[in-house]
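Below is a structure I'd like to ask you about.
The values are calculated or read from the model by the stated rules, or taken from the named source; none is laboratory data. Keep in mind it's a predicted model, so treat the numbers as computed, not measured. Methodologically, a virtual Cβ is constructed for each residue, glycine included, from the backbone with ideal geometry; neighbour enumeration extends over all protein chains shown.
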Amino acid sequence: MDDARRMDAQAWQGVDWVGLAHALPTPFYAYSAPALRARVARLQAAFSPRPTLIAYAVKANGNLGLLRLLAEAGLGADIVSAGELARARAAGIPGERIVFSGVGKTAEEMRQGLEAGVRRFNVESREELEVLDGVARAMGRIADVALRINPDIDAGTHGKISTGRAGNKFGIDLPEARRLFSERATWRALRIDGLHMHIGSQITDEVPLRRAAHSMVDFAREIRALGASVRSLDFGGGLGVPYREGQATVPVEHHAALIRGALAAFDPHFDGDCIIEPGRWLVAEAGVLVTRVLRVKRGADREFLILDAAMNDLMRPALYDAWHDIVPLVSGRPMASYDVVGPVCETGDTFATARDLPACRAGDLVAILGAGAYGASMASTYNSRPLVAEVLVDGPHHALLRRAQSIEALLAQDEGETVWAVSPRATVRRA
Ligand code: LLP
């Protein structure tokens, strides 16, 4: 299917982009409600009938309207901050469907997590266990804990989003996890009876996923033999999507099957929690960034297509050299080759280099595909560019999910005057 036809297919059927771009200032993110619903249904079907907590990784896209749609479809949330906890709760996700991950939770975030009754804390170090135990004890609560293991497996993805190697900051190596389980009675306010893993993101090869899942359940079997109970196995997220037409990925049904296989290898009668934390797979392909051509600039040896979207709106190409398909919403034009760039004052503000596209003119609309995950959620206001609008579309209908930030709102965080005050002195504590 060529790129232009992809914009007519399934998700975006019946959407009038020109009309929408009259109603909303460009750039804006558009999410397809039918595509989101279809992804959820396919994921649920893949794991059915095994009860599985699908804890959507909020970091992929924390827009409240999008979260509400996922929550209504029955999904839970994987969160990593107080902000994400607040989003999940505001979207109506109950604590019992929330798992709290992250390598650097603060004591205050732990307190809020306990207050909200999160199902489980995925803990990443002995130091974190100590802090969580203290927080839970002070509250008179027991925290349910899974240890995130680091299986030292290369996920075969971009180095910046690979998390399961020994040298990464994430997780606990197996010898240390073994020690922590044997010492688990030390932490009186913690119930340590779960395991968690997440070896990276945008994984397109089944082998590391299977190896990591089996490494976790092998370990689960081992600690159970030593007398620990295992009531929860969390297989993390990481499933990749085809950013380029034809790119090979792992079908979600295969992912589900390999998790079923791992569960069976652990214990065919396991009736504890099975948890997964997909982010990208659910939302990436359900989102596009709609942007307008500001101008076409002839450079010394190439042509630049200058869009009104920039690296601050969609950071993935600048940060990971990520490929996103780019589709000018035009017809009947000859082909041309462009470096597709934004207005930000950095050469890294480049969406694509030497990309063959239908010839564009100022004012044309251009869709950047695969932008539903880690697009809006990673946006910044660099170059004092306000955050853009986000809209949910369903054929001829649309619902504004987030207004475009105004310049006034952008400035409102800064104090209007510089007022000096004497800084409080820290009291010196002696050992
Ligand atoms: N669980 C944990 C503990 C995670 O750290 C992540 C993602 C997920 C689940 C969801 O992973 P997913 O299913 O989305 O692959 N900004 C990068 C991706 C960073 C992923 C961070 N952790 C990107 O744009 O490619």
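Given 201, 215, 232, which one is of a type outside the set (Val, Ile, Thr), modelled with pLDDT of 95 or more and closer than 23 Å to residue 35 by Cα?
Values: 215 fails: closer than 23 Å to residue 35 by Cα; 232 fails: closer than 23 Å to residue 35 by Cα.
None of the others qualify; the one that does is 201.
Suppose the filter is of a type in the set (D, E, K, R), in contact with a strand residue (DSSP E or B) (Cβ under 7 Å, 6 or more places away or on another chain) and surrounded by 15 or more Cβ atoms within 10 Å (Cβ to Cβ); does residue 152 pass it? Talk me through it step by step, then tell me what you get.
Numbers: of a type in the set (D, E, K, R): yes; in contact with a strand residue (DSSP E or B) (Cβ under 7 Å, 6 or more places away or on another chain): no; surrounded by 15 or more Cβ atoms within 10 Å (Cβ to Cβ): yes.
No, not satisfied.
Check segment 227-246 and report whether any residue there is more than 16 Å from the ligand (Cβ to nearest atom), surrounded by 19 or more Cβ atoms within 10 Å (Cβ to Cβ) and β-branched (Val, Ile, Thr).
Filtering segment 227-246 for residues more than 16 Å from the ligand (Cβ to nearest atom) gives 227-231, 245-246.
Going one step further and asking which of them are surrounded by 19 or more Cβ atoms within 10 Å (Cβ to Cβ), we end up with 230.
The next check asks that each one be β-branched (Val, Ile, Thr); those that pass are 230.
Yes, the conditions are met somewhere in segment 227-246.
Okay, next question. Looking at segment 142-161, I want the residues that are not assigned by TED's automatic domain parsing to the domain that holds residue 96 and have a partner that is surrounded by 21 or more Cβ atoms within 10 Å (Cβ to Cβ) with Cβ atoms under 6 Å, at least 6 apart or on another chain. Which pairs are those?
As it stands, the answer is none, since no pair meets every condition given.
Same structure again: Regarding segment 359-366, can at least one residue be identified that is in contact (Cβ under 8 Å) with a residue 60 or more places away in the chain and touching a Phe, Trp or Tyr at 6+ places or on another chain (Cβ under 7 Å)? Break it down stepwise before answering.
The first filter runs over segment 359-366 and keeps only residues in contact (Cβ under 8 Å) with a residue 60 or more places away in the chain, leaving 360-366.
Imposing the further condition that a residue be touching a Phe, Trp or Tyr at 6+ places or on another chain (Cβ under 7 Å) reduces the set to 365.
Among the residues of segment 359-366, at least one is in contact (Cβ under 8 Å) with a residue 60 or more places away in the chain and touching a Phe, Trp or Tyr at 6+ places or on another chain (Cβ under 7 Å), which makes the answer yes.
I'd like to check something: does segment 273-280 contain any residue that is in the same structural domain as residue 119 (by TED's automatic domain parsing) and away from the ligand (no atom under 14 Å from the Cβ)?
Yes, some residue in segment 273-280 is in the same structural domain as residue 119 (by TED's automatic domain parsing) and away from the ligand (no atom under 14 Å from the Cβ).
Report, ordered by the first and then the second residue, all pairs with beta carbons closer than 9 Å, sequence separation of six or more or different chains, a first member in segment 183-196 that is in a helix (DSSP H, G or I), and a second member that is within 16 Å of the ligand (Cβ to nearest atom).
184/145
Go through segment 84-102 residue by residue and tally those that are β-branched (Val, Ile, Thr) and within 11 Å of the ligand (Cβ to nearest atom). Before the answer, list the steps.
To start, the set of residues in segment 84-102 that are β-branched (Val, Ile, Thr) comprises 93, 98-99.
After this cut, where a residue has to be within 11 Å of the ligand (Cβ to nearest atom) as well, the list is 99.
Residues flagged as β-branched (Val, Ile, Thr) and within 11 Å of the ligand (Cβ to nearest atom) within segment 84-102 amount to 1.
Still on this structure, please answer the following. Restricted to segment 155-192, and to residues that are in contact with a Phe, Trp or Tyr (Cβ under 9 Å, 6 or more places away or on another chain) and charged (D, E, K, R), which residue is surrounded by the most Cβ atoms within 10 Å (Cβ to Cβ)?
Going through the qualifying residues, I end up with 178.
If residue 309 passes every condition in (1) within 14 Å of the ligand (Cβ to nearest atom); (2) over 16 Å from the mean Cα position of the chain (by Cα); (3) assigned to a loop (DSSP other than H, G, I, E, B) but one, which one does it miss?
Every condition holds for residue 309 apart from (1).
Within segment 135-176, how many residues are within 16 Å of the ligand (Cβ to nearest atom) and either among the hydrophobic types (A, V, I, L, M, F, W, C) or part of a loop (DSSP other than H, G, I, E, B) (or both)? Show your work before the answer.
Restricting attention to segment 135-176, the residues satisfying the condition of being within 16 Å of the ligand (Cβ to nearest atom) are 145-151, 153-165, 168-172.
Okay, now just the ones that are also either among the hydrophobic types (A, V, I, L, M, F, W, C) or part of a loop (DSSP other than H, G, I, E, B) (or both), so 145-147, 149-151, 153-158, 161, 163-165, 168-172.
Total satisfying the criteria: 21.
Further question on the same structure: Suppose we keep only residues that are of a type in the set (Val, Ile, Thr) and not assigned by TED's automatic domain parsing to the domain that holds residue 391 within segment 404-431. Which one would you say is modelled with the lowest pLDDT?
Of the residues in segment 404-431, the ones of a type in the set (Val, Ile, Thr) are 407, 418-419, 422, 427-428.
Those left that are additionally not assigned by TED's automatic domain parsing to the domain that holds residue 391: 418-419, 422, 427-428.
On the way: 418: 97, 419: 97, 422: 96, 427: 79, 428: 71.
By that ranking, first place goes to 428.
Can you pull out the helices (runs of 4 or more DSSP H) entirely within segment 38-116 that have at least 3 residues that are touching a Pro at 6+ places or on another chain (Cβ under 9 Å) and at pLDDT below 95? Before the answer, list the steps.
Working: elements: 64-72, 82-90, 107-116.
Answer list for segment 38-116: none.
Continuing with the same structure: Identify all residues within segment 259-283 that are aromatic (Phe, Trp, Tyr) and not in a helix (DSSP H, G or I); write none if there are none.
Matches in segment 259-283: 270 only.
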